[in-house]
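Engineer: The structure's right below; bear with me while I get my questions together.
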Amino acid sequence: MARSMPDAGLQVERLRFHFPHHALFTDWSAQFGPGLGLVRGGDGSGKSMLLRLLAGSLAPQAGRLVLNGADLARHPLAYRAQVFWCDPADEALDGLGARDYLALRQSQHPGWDAAVLAEDLEALGLLPHLDKPLYALSTGTRRKLRLAAGLASGAPLTLFDDPLAALDLRSADYVLDRLDDCAEAADRVVIVAHHAALDGVPLATLVDLPGDGSASS
């Protein structure tokens, strides 16, 4: 059943994150309801950093993030337990085999849908790679595996950083179709960071970041 509480979804209030010589986010606020959200911006706009902040893997210097009533600062475990996030730059799990990686992700997400995973593994051509370690996979194949895990996770907040990067055209078209399915979700927030619009995919929320990487409310 879809949540009907007023605090359903993700609220970001007066977020602040500055580098020593560069203000990336200053009093930045946004609200993401169920469905698909797009964070759009060019290189250096802070898209990836924003996803890390929303995931709770990077601590904001000020501000408040609340996911389905769980405040990140007050209840970090309850907040992070609702999040699927896989930083494309993180190689910490690359020693795992693909099957073990999927099993680990399944153990972290009680809403995991094995049928969705099976469909995506086949459609994305991942079945021949399941007995390989992640480090032995190409960049595109590794990204597809992480996408399949995220789509199957059922996580209340699912974050994808540049999900079409390094994908072949057929796989990119399939991922767009799956994101279109996410747009219909009534009990799940899926946020994509990308440099451009997602052709033909309806959005619940669109956030444009300035090109100079200094976002404010």
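Engineer: When the residues of the range 196-207 are filtered to those that are within 17 Å of GLY42 (Cβ to Cβ) and modelled with pLDDT of 95 or more, which remaining residue is most open to solvent (accessible area, probe 1.4 Å)? If you could, list the steps in order and put the result at the bottom.
Structural biologist: Filtering the range 196-207 for residues within 17 Å of GLY42 (Cβ to Cβ) gives 196-198, 206-207.
Filter again for modelled with pLDDT of 95 or more, leaving 206-207.
Details: LEU206: 85, VAL207: 18 Å².
Residue satisfying both the conditions and the ranking: LEU206.
Engineer: Determine whether TYR135 is farther than 30 Å from LEU15 by Cα and modelled with pLDDT of 95 or more.
Structural biologist: Yes.
Engineer: Only one of these conditions is not met by THR139: (1) farther than 20 Å from ASP87 by Cα; (2) free of Cβ contacts under 8 Å to residues at least 60 places away in the same chain; (3) hydroxyl-bearing (Ser, Thr, Tyr). Which number is it?
Structural biologist: Checking THR139 against (1) farther than 20 Å from ASP87 by Cα; (2) free of Cβ contacts under 8 Å to residues at least 60 places away in the same chain; (3) hydroxyl-bearing (Ser, Thr, Tyr), the one that fails is (1).
Engineer: Now for a different question. As an exercise: evaluate ALA185 against (1) touching a helix residue (DSSP H, G or I) at 6+ places or on another chain (Cβ under 9 Å); (2) of a type in the set (A, V, I, L, M); (3) within 28 Å of LEU15 (Cα to Cα) and give the number of the one condition it does not meet.
Structural biologist: Just one mismatch for ALA185, condition (1).
Engineer: What number of residues within the range 188-217 are touching a residue at least 40 places away in the same chain (Cβ under 8 Å) and either in contact with an Asp or Glu (Cβ under 7 Å, 6 or more places away or on another chain) or more than 15 Å from GLN11 (Cα to Cα) (or both)?
Structural biologist: 20
Engineer: From the list LEU96, LEU24, LEU67, LEU77, which one is modelled with pLDDT of 95 or more and open to solvent by less than 20 Å² (accessible area, probe 1.4 Å)?
Structural biologist: On the way: LEU96 fails: open to solvent by less than 20 Å² (accessible area, probe 1.4 Å); LEU24 fails: modelled with pLDDT of 95 or more; LEU77 fails: open to solvent by less than 20 Å² (accessible area, probe 1.4 Å).
Just one listed residue meets the conditions, LEU67.
For (1) in contact with a His (Cβ under 7 Å, 6 or more places away or on another chain); (2) without any contact (Cβ under 8 Å) to a residue 60 or more places away in the chain, each residue gets a yes or a no:
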{"site": "ALA98", "(1), (2)": "yes, yes"}
{"site": "LEU102", "(1), (2)": "no, yes"}
{"site": "ALA114", "(1), (2)": "no, yes"}
{"site": "GLU122", "(1), (2)": "no, yes"}
{"site": "HIS129", "(1), (2)": "no, yes"}
{"site": "LEU157", "(1), (2)": "no, no"}
{"site": "ALA166", "(1), (2)": "no, yes"}
{"site": "ARG170", "(1), (2)": "no, yes"}
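Engineer: Do we find that ALA8 is in a loop (DSSP other than H, G, I, E, B) and under 18 Å from CYS182 (Cβ atoms) in this structure?
Structural biologist: Spelling it out, ALA8 is indeed in a loop (DSSP other than H, G, I, E, B) and under 18 Å from CYS182 (Cβ atoms).
Engineer: Tally up the residues in the range 99-146 that are crowded, with 20+ Cβ neighbours inside 10 Å, closer than 18 Å to LEU169 by Cα and of a type in the set (A, V, I, L, M), please.
Structural biologist: Count: 4.
Engineer: Another question, if that's okay. Considering each of ALA193, ALA149 in turn, give the residue that is buried (at least 24 other Cβ atoms within 10 Å of the Cβ), within 20 Å of GLN106 (Cβ to Cβ) and at pLDDT 95 or above.
Structural biologist: Details: ALA193 fails: within 20 Å of GLN106 (Cβ to Cβ).
ALA149 is the lone residue from the list that is buried (at least 24 other Cβ atoms within 10 Å of the Cβ), within 20 Å of GLN106 (Cβ to Cβ) and at pLDDT 95 or above.
Engineer: I would also like to ask the following. Could you pull out every one of the strands (runs of 3 or more DSSP E) wholly within the range 108-217 that has 2 or more residues that are of a type in the set (Gly, Ala, Ser)?
Structural biologist: none
The values are calculated or read from the model by the stated rules, or taken from the named source; none is laboratory data. None of these values were measured; they are calculated from a predicted model. When we count neighbours, we look across all protein chains shown, and the Cβ atoms used for this are built from the backbone with ideal geometry, even at glycine. Accessible surface is based on the protein model in full, side chains and every heavy atom, while ligands, DNA and RNA are left aside. Shrake-Rupley method; radii C 1.70, N 1.55, O 1.52, S 1.80 Å.
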